[in-house]
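Undergrad: Dropping a structure here in structure tokens format, bear with me for questions.
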Amino acid sequence: MINKQTFFPLVAGLAVLALVFPACGTEQPTEQATEETTTETGPEIVLSDGFTVKILADNVGRARHLTVRDNGDVYVMLDQIHESGGGIAGLRDANDDGRADEIVYFGEHRGTGIGIHDGYLYYSSDTSIHRYKLDDTALMPSGTAEQIVGGLPIQGTYHAAKSFDFDGEGNLYVNVGAPSNACQEKDREPGSAGMDPCPFLERQGGIWQFKADVIGQTQEKDGKRYATGIRNAVALRWNDEVGSLYALQHGRDQLSFLYPEMYNEQQSAELPAEEFLKVAEGADFGWPYCYYDPLQKMKVLAPEYGGDKTTQGRCEDKDLPIMAFPGHYAPNDLIFYRGDHFPESYKNGAFIAFHGSWNRAPLTQQGFNVVFVPFKGDMPSGDWRVFADNFAGKETVVSSKDAQNRPCGLAEGPDGSLFVADSKVGRIYR
């Protein structure tokens with residue numbers, strides 16, 4: 001749980017990134033501007049000046065996204081059904097000492113997405129969206145879950161997470177990732193051509209819109225394709241302040257493996273950028289035909305579709321990101337800060353949780369942090385900077401399996417505190 005104490009001027013560059021894109025909004029490292037806080041037996045989380053971190057709960061299960069109720073109760077969606085039974089963990093700090101002293105488990109599904117809307121707790125499995133009516137006082141809902149959306153594509157573990165969010169007009173937005181790297185005829189086989197048109201774009205590779213309060217909807221009957229050309233957007237958030245949807249895309253992988261004659265290992269680690277997207281209705285961000293090159297600041301044609309690293313072709317008119325991050329950092333959640341607990345410079349800015357890479361090898365893996373992007377209106381107003389780092393617990397991460405913790409979910413509490421969920425050991429930070 002990240003709380004603000006006495007505020008000192010914030011200095012950017014809290015962690016040294018092995019690979020940075022100065023042209024894409026990163027800041028160069030500066031001198032010491034961190035505070036290291038020991039979190040019991042876990043790694044020391046490196047924070048912006050003036051902030052401290054506490055652990056709300058440990059070992060709750062493989063946490064994905066989380067949400068916080070107005071009374072401070074925290075609900076966490078789990079990647080696996082907990083041994084106590086249930087794919088959702090409910091946490092309550094009844095004596096206000098910073099630790100959860102009541103933890104309950106419920107729900108028959110595992111998954112990623114979770115959120116509170118109009119008195120209901122919504123959550124997603126890999127193929128459906130459900131909701132529970134929240135009890136006025138009890139931590140655990142007493143009724144049975146209703147299915148809001150069903151029939152979403154079965155994808156196994158390949159981009160199966162159905163993250164979601166709501167706007168202020170009764171609509172529900174659901175990420176449906178594509179079960180593919182670059183829509184090749186033979187997935188991840190060197191030299192295999194891309195399918196054209198890509199069949200996954202019919203029901204995947206984009207964001208679908210549903211009604212938030214209608215029971216029994218299906219994608220094919222009731223879903224509206226709101227935006228397309230997005231490989232996978234686990235981080236998805238409606239910004240109430242400006243009335244717009246935002247997302248971060250997981251970019252495609254393995255350029256040097258699939259096309260070693262065109263890309264070296266360094267280029268493959270840096271390309272493509274992880275894209276921060278402002279998602280308007282009807283937007284097309286170009287996957288799988290295109291990827292964003294942050295050095296050239298443009299979308300270029302993917303090699304599976306005849307690209308040569310510089311040709312734009314059909315990508316020339318695709319929608320561009322509002323900001324680019326280093327390749328393969330795996331953005332897994334996004335929130336826009338609304339509280340007054342943090343300094344004014346954080347107001348309406350974006351926090352992003354990076355889960356950390358697996359495919360920058362043989363270079364070291366990167367990410368495993370929470371970053372902040374200042375906003376003015378509907379666009380970023382400055383460079384991004386690392387807000388909380390060292391979740392991995394080591395300077396060099398060769399494999400993502402080596403990371404001690406991996407940030408996955410973000411939520412804001414009613415007092416303006418920032419909550420972070422870890423998917424590795426099930427730790428919830430405040």
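The values are calculated or read from the model by the stated rules, or taken from the named source; none is laboratory data. Computed from a predicted structure; not experimentally measured. With ideal geometry, Cβ positions are generated from the backbone for all residues, glycine too; neighbour counts draw on all protein chains shown. Heavy atoms of the whole protein, side chains included, go into the accessibility calculation; ligands, DNA and RNA do not. Shrake-Rupley method; radii C 1.70, N 1.55, O 1.52, S 1.80 Å.
Undergrad: Let me have the 222 nm mean residue ellipticity of the chain computed from DSSP H runs of 4+ only, each contributing -39500 (n - 2.57), with the sum over all residues rounded to the nearest 500.
TA: -500 deg cm²/dmol
Undergrad: What figure in square angstrom, to the nearest 10, would you give for the accessible area of LYS211 with a 1.4 Å probe?
TA: Looks like 100 Å² after rounding.
Undergrad: Something else now. About the Cα centre of the chain, what is the dipole size in debye to 20, counting +1 per Lys and Arg Cβ and -1 per Asp and Glu Cβ, all else neutral?
TA: The dipole magnitude comes to about 620 debye.
Undergrad: Return, for the Cα atoms of segment 156-237, the radius of gyration and Dmax in Å, separated by a comma.
TA: For segment 156-237, the Cα radius of gyration and maximum Cα-Cα distance read 14.1, 46 Å.
Undergrad: Read phi for every residue in segment 51-67 and hand back ³J(HN,Hα) as whole Hz from Karplus 6.51 cos²θ - 1.76 cosθ + 1.60, θ = phi - 60°, with x for Gly and Pro.
TA: These are the phi-based 3J(HN,Hα) values: 10, 10, 10, 10, 9, 6, 7, 10, 6, 7, x, 6, 6, 10, 8, 8, 8 Hz.
Undergrad: Quick check on the chain: take the gyration tensor over C-alpha atoms, sort the square-rooted eigenvalues as a ≥ b ≥ c, and tell me if it's rounded (a/c under 1.5), prolate or oblate.
TA: Oblate, because a/c is 1.5 or more while a/b does not exceed b/c.
Undergrad: Quick check: at a probe of 1.4 Å, how many percent of the accessible area of segment 326-424 sits on carbon and sulfur atoms?
TA: Taking all protein chains in place, segment 326-424 shows 48 percent carbon and sulfur surface.
Undergrad: Just how much of TRP238 is accessible, in Å², when a 1.4 Å probe is used and the result is rounded to the nearest 10?
TA: Its accessible surface works out to 40 Å², give or take rounding.
Undergrad: Give me D for segment 238-299 in µm² s⁻¹, whole number, from Stokes-Einstein with Rh from the Kirkwood sum over alpha-carbon pairs, 20 °C and 1.002 mPa s.
TA: Answer from the Stokes-Einstein relation: 163 µm²/s.
Undergrad: I've got another one for you. For segment 65-138, which whole-number percentage of the solvent-accessible area (1.4 Å probe, protein heavy atoms only) is attributable to carbon and sulfur atoms?
TA: Carbon-and-sulfur percentage of accessible area, whole number: 38.
Undergrad: Rounded to the nearest 0.05, what FRET efficiency do SER381 and LEU320 give with R0 = 22 Å and r taken as the Cβ-Cβ distance? Could you check?
TA: Taking R0 as 22 Å, the efficiency between SER381 and LEU320 is 0.80.
Undergrad: Can you tell me how segment 163-318 classifies by the Cα gyration tensor, rounded, prolate or oblate, using a/c under 1.5 as the rounded cut?
TA: Cα axes put segment 163-318 in the prolate bin.
Undergrad: Ok, one more. Give, as a single signed number, the net charge of other residues whose beta carbon lies under 9 Å from the beta carbon of SER192, with Lys and Arg counted +1 and Asp and Glu -1.
TA: -2
Undergrad: Of the chain, which part is the longest with no GluC sites (Glu not before Pro) in a loop (DSSP not H, G, I, E, B) and with at most 15 other C-beta atoms within 10 angstrom?
TA: 282-394
Undergrad: At 1.4 Å probe size, with the rest of the protein present, what percent of the exposed accessible area of segment 195-324 is carbon and sulfur atoms?
TA: 45 percent
Undergrad: Tell me the Kirkwood hydrodynamic radius of segment 256-414 in angstroms, computed as one over the mean inverse distance between distinct C-alpha pairs.
TA: Every distinct Cα pair counted, the radius reaches 17.0 Å.
Undergrad: Taking 0.36 nm per residue of sequence separation and subtracting the Cα-Cα distance, how much length would be gained by fully extending the chain between GLU44 and ASP213, in nm to one decimal?
TA: Answer, rounded to one decimal: 56.6 nm.
Undergrad: On to the next question. Take LEU201, LEU334 and sort them by solvent-accessible surface of the protein heavy atoms, 1.4 Å probe, largest at the top.
TA: Largest to smallest exposure gives the sequence LEU201, LEU334.
Undergrad: Quick one: grab the alpha carbon gyration tensor of segment 81-220, order the square roots of its eigenvalues as a ≥ b ≥ c, and give me rounded if a/c is under 1.5, else prolate or oblate depending on whether a/b is larger than b/c.
TA: Prolate is the answer for segment 81-220, as a/c is 1.5 or above and a/b outweighs b/c.
Undergrad: Here's a follow-up. Would you work out which of VAL68, LEU139, GLY113 lies farthest towards the positive end of the dipole of segment 44-184, given +1 charges on the beta-carbon of Lys and Arg and -1 on that of Asp and Glu, about the Cα centre?
TA: In segment 44-184, that residue is GLY113.
Undergrad: Given the protein chains as shown and a 1.4 Å probe, how many square angstrom of LYS394 are accessible, to the nearest 10?
TA: Accessible surface of LYS394 is approximately 90 Å².
Undergrad: I would also like to ask the following. Applying the Karplus parametrisation 6.51 cos²θ - 1.76 cosθ + 1.60 with θ = phi - 60° to the phi angles of segment 365-382, what ³J(HN,Hα) value in whole Hz is obtained for each residue in order, glycine and proline being reported as x?
TA: Going residue by residue, I get 7, 9, x, 6, 8, 10, 10, 10, 10, x, 10, 10, x, 9, 9, x, 10, x Hz, with x marking Gly and Pro.
Undergrad: Determine the per residue accessible area of the chain with all protein chains present and a 1.4 angstrom probe, expressed in square angstrom.
TA: Computed with neighbouring chains in place, this is 39 Å² per residue.
Undergrad: If SER142, SER124 are ordered by their accessible area, calculated over protein heavy atoms with a 1.4 Å probe, which sequence runs from highest to lowest?
TA: SER142, SER124
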